[in-house]
Amino acid sequence: MQSLKHPLMEASVPLVLVEKPRLRAVGIHEFMSMEIPPRETVLDPILKVGGLGMCYAPRGIGKTFFSLSFAYPV
């Protein structure tokens, strides 16, 4: 049987898994006592850091122009 080794597989580096912090459920009292800083903005007041946005409109309205104009300062 022929070996299925590819040159890229031979040159690859082993994957090292990094353990992420686990999620933890909190009660309402603990949640209300937390100090959560306000999120920073990328483009005030529309887009927050780490946020997502969606542009929706019928055809021919100018979504592409709007999106490119919006992306440039970001």
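The values are calculated or read from the model by the stated rules, or taken from the named source; none is laboratory data. Bear in mind the structure is a predicted one, so any value in this text is a computation, not a measurement. Every residue, glycine as well, gets a Cβ built from its backbone with ideal geometry; the counts of neighbours run over all protein chains shown.
The number of residues in the stretch 38-74 that are among the basic types (Lys, Arg) and touching a strand residue (DSSP E or B) at 6+ places or on another chain (Cβ under 6 Å) comes to 2.
For the stretch 38-67, which positions are surrounded by fewer than 10 Cβ atoms within 10 Å (Cβ to Cβ) and part of a helix (DSSP H, G or I)? Listed by number, the residues that qualify are 64, 65. Look through the stretch 19-52, keep the residues that are modelled with pLDDT of 90 or more and of a type in the set (Gly, Ala, Ser), and return whichever of them is farthest from residue 71 (Cα to Cα). Ranking the candidates gives 27 first. Considering every residue within the stretch 8-18, establish whether at least one is at pLDDT 80 or above and charged (D, E, K, R). No - not one qualifying residue is present in the stretch 8-18.
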